[in-house]
Amino acid sequence: MATENNIHRESRLAKLNALLEKGYNPYPYCFKPDACAADLQEKYKDLPAGENTEDRVTVAGRAMAVRNSGMFIDLKDFSGKIQVFCHKSHLDEEGLERLKNLDVGDLVGVSGFVRRTPRGELSVAAEKFDIIGKSLQPLPEKFHGLTDVEARYRQRYVDFIMNDDSREIFKKRCQITSAIRRYFEEHGFLEVETPMLQPIMGGANARPFVTHHNALDMDLYLRIATELYLKRLVVGGFDRVFEIGRNFRNEGVDKKHNPEYTALEAYQAYADYNDMAELIPDLIRYVCEQVLGKPSFTFNGVEIDVSKPFPRKSIVELVKEYAGIDLMEAETVEQAREMAASIGIDASECSNWGKVVQLVFDERVEANLIQPILVMDMPRDISPLAKTHRSNPRLVEHFDAYICGMELGCAYSELSNPLEQRARFEAQMAEREAGDEEAQMLDEDFVTALENAFPPTGGMGMGVDRLAILLTGAETIRDVIAFPTLRNR
């Protein structure tokens with residue numbers, strides 16, 4: 001295959017040199033089309049077969065197929081495809097000469113009149129033909145299938161050239177991000193930016209990436225969450241803020257996880273997790289309607305309706321329903337481990353009651369949550385940044401939003417008591433010292449910020465990539481990230 005590619009490249013280099021020898025530059029500084037394929041297809045959809053127009057247009061795109069020695073070219077631009085008809089009765093000598101050096105994959109610019117061929121194909125009859133980007137690499141005949149999965153992600157540009165489905169997924173993903181931004185701006189939120197390089201790892205339980213700043217001679221963490229800095233802004237008087245940005249977690253790679261991913265977080269002063277329980281379904285509904293034109297979508301053959309309020313059930317209630325054990329009856333971590341063992345789950349490494357609840361939920365409940373649901377009232381042990389539940393001190397006011405068996409986002413009644421926050425951080429530090437690398441660190445400056453009075457606040461976070469998976473029907477998070485993280489060859 002490598003030898004074959006080298007042969008093709010040598011042939012293309014020879015054509016490039018032939019163009020250069022004639023004084024022609026196939027890499028011009030600029031080219032200005034005045035029409036695109038989709039608009040032409042729409043404008044001339046009623047043009048009869050065999051009919052010519054006097055309308056002149058200039059189009060540009062990639063030559064995806066070349067037939068009859070260049071007489072017919074399938075030109076693909078950002079909007080779609082249109083045929084180019086090159087014939088000596090219309091095209092000047094210079095254009096005909098350039099045509100001899102055309103290869104599939106070259107970028108071309110064409111000026112001419114619009115016609116429909118006798119066979120019914122809308123075309124631009126070329127009167128001027130230019131090669132505006134000579135491709136030295138051959139395009140693959142087929143660029144899909146299991147054997148090419150790694151190649152698709154490594155050479156994403158080729159994937160986008162060849163695979164319309166990949167292009168459509170990525171376009172929708174961009175539309176999703178734009179719709180999220182519009183939603184928050186329409187609801188009075190201010191978009192902000194917070195540091196990606198942070199001296200303290202915080203805002204989530206995760207393993208971080210570490211880097212070194214040479215000028216300051218200090219180690220820094222690539223952020224695992226935007227939370228603690230966004231809350232500082234709320235303390236500073238910005239009552240409604242949101243950020244769409246990259247987070248980095250030094251963890252495994254699978255269909256739902258990429259080490260570098262896009263997260264949304266938003267904070268609203270004078271609100272709690274009940275307000276967020278209204279906001280998140282409303283946001284998802286809005287984005288779905290903006291991108292898909294309706295408040296529903298199909299994923300893995302199942303119709304998902306986001307038009308109605310999401311049902312709310314506590315995590316312990318769901319564990320009882322699907323696993324058959326009531327972990328609220330366990331007063332100690334030992335009892336919780338025994339209950340987990342009774343249904344075949346080894347929780348011996350869980351250091352507290354909350355981690356046992358989360359483990360049983362992950363193994364027995366999560367996959368069953370297909371239709372939208374809010375999993376309410378998480379264990380206090382595993383949620384150090386949420387307020388203690390107002391009716392049960394073992395729990396916190398924290399919920400996770402699930403669709404299609406996948407956690408899409410979460411929300412809290414944000415912990416505002418600085419003394420309690422310090423105690424929670426200290427408990428997390430004890431977990432770290434016991435070997436939990438994902439436990440949070442004590443952020444003294446954040447606690448100091450809370451000591452300046454943090455208003456009652458509702459906060460939410462959501463994985464933009466995961467929402468994109470659902471709304472595009474993608475098979476994996478790699479499909480909705482333009483350049484996913486891959487192992488070195």
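What to note about this one:
- Calculated from backbone phi, Karplus (6.51, -1.76, 1.60) coupling profile of region 190-202 in Hz, x at Gly/Pro: 9, 7, 10, 10, 10, x, 8, 9, 10, x, 10, 7, x
- Length added when fully stretched, Thr58-Phe78, from 0.36 nm per residue minus Cα-Cα: 5.7 nm
- Computed over the chain: relative contact order in percent, which uses C-alpha pairs under 8 Å that are six or more apart: 13 percent
- Sparsely packed loop sites in region 1-60 (the trypsin sites (Lys or Arg not before Pro) outside DSSP H, G, I, E and B with at most 13 other Cβ atoms within 10 Å) comprise Lys22, Lys45.
- For region 445-471 and region 4-34, distance of Cα centres in Å: 52 Å
- Degrees, to the nearest 10: 333-342 long Cα axis against longest axis of the chain: 60 degrees
- Here the accessible area is traced with a 1.4 Å probe on the protein chains. For the chain, carbon and sulfur cover 49 percent of it.
- If only the Cβ of Lys and Arg carry +1 and only the Cβ of Asp and Glu carry -1, the dipole of the chain around its Cα centre is close to 2020 debye.
- At R0 = 22 Å, FRET efficiency that the Cβ-Cβ distance of Asp239 and Asp282 yields, to 0.05: 0.75
- Karplus-derived 3J(HN,Hα), 6.51/-1.76/1.60, for each residue of region 242-258, Hz, glycine and proline x: 8, 9, 10, x, 7, 10, 9, 10, 7, 10, x, 10, 8, 5, 10, 10, 10
- Angle in degrees between helix 2-21 and the longest Cα principal axis of the chain, rounded to the nearest 10: 50 degrees
- Here region 1-141 is treated with +1 on each Lys and Arg Cβ and -1 on each Asp and Glu Cβ, and its dipole about the Cα centre works out to around 160 debye.
- For the chain, leaving out every one of the chymotrypsin sites (Phe, Trp or Tyr not before Pro) that falls in a DSSP loop and has at most 12 other Cβ atoms within 10 Å, the longest unbroken run is 271-489.
- Only the Cβ atoms of Lys and Arg (+1) and of Asp and Glu (-1) were treated as charged; on that basis the dipole of region 347-489 about its Cα centre amounts to roughly 320 debye.
- Rounded to the nearest 500, the helix-only mean residue ellipticity at 222 nm of the chain stands at -10500 deg cm²/dmol, with each DSSP H run of n ≥ 4 adding -39,500 (n - 2.57).
- Across the chain, the longest run free of exposed loop sites, meaning GluC sites (Glu not before Pro) lying outside DSSP classes H, G, I, E and B with no more than 15 other Cβ atoms within 10 Å, spans 350-436.
- Toward the positive end of the charge dipole of the chain, with +1 on the Cβ of Lys and Arg and -1 on the Cβ of Asp and Glu, the farthest Cα among Ala330, His389, Ser135 is that of Ser135.
- Helix 353-364 and the longest principal axis of the C-alpha atoms of the chain enclose an angle of approximately 40°.
- Whole-Hz Karplus values for region 27-35 come out as 10, x, 6, 7, 8, 10, x, 10, 8 Hz, taken residue by residue from phi with 6.51 cos²θ - 1.76 cosθ + 1.60 and θ = phi - 60°; glycine and proline positions read x.
- Straight-line cross-link reach from Lys313 at under 25 Å between alpha-carbon atoms covers these lysines, not counting any fewer than eight positions away in the same chain: Lys256, Lys355, Lys387.
- Pair Glu321, Asn417: separation of 7 Å Cα→Cβ label points (nm): 3.1 nm
- Think of a 1.4 Å ball rolled over the protein heavy atoms: region 212-331 then has 46 Å² of accessible area per residue.
- Accessible surface, per residue, of region 332-466 when the full set of protein chains is kept, probe 1.4 Å, Å²: 39 Å²
- When P(r) over Cα pairs in 10 Å bins from 0, in percent is computed from the coordinates, the matching label among (i) 3, 12, 13, 10, 8, 7, 6, 5, 5, 6, 7, 8, 6, 3, 1, 0, 0; (ii) 4, 19, 29, 26, 15, 5, 1, 0; (iii) 4, 16, 22, 20, 15, 11, 9, 4, 0 is (iii).
The values are calculated or read from the model by the stated rules, or taken from the named source; none is laboratory data. Just so it is clear, the model here is predicted, and its values are computed rather than measured. Cβ atoms come from the backbone with ideal geometry, glycine included; neighbour counts cover every protein chain shown. We work out accessible area using only protein heavy atoms, side chains counted, and drop any ligands, DNA or RNA first. Shrake-Rupley method; radii C 1.70, N 1.55, O 1.52, S 1.80 Å.
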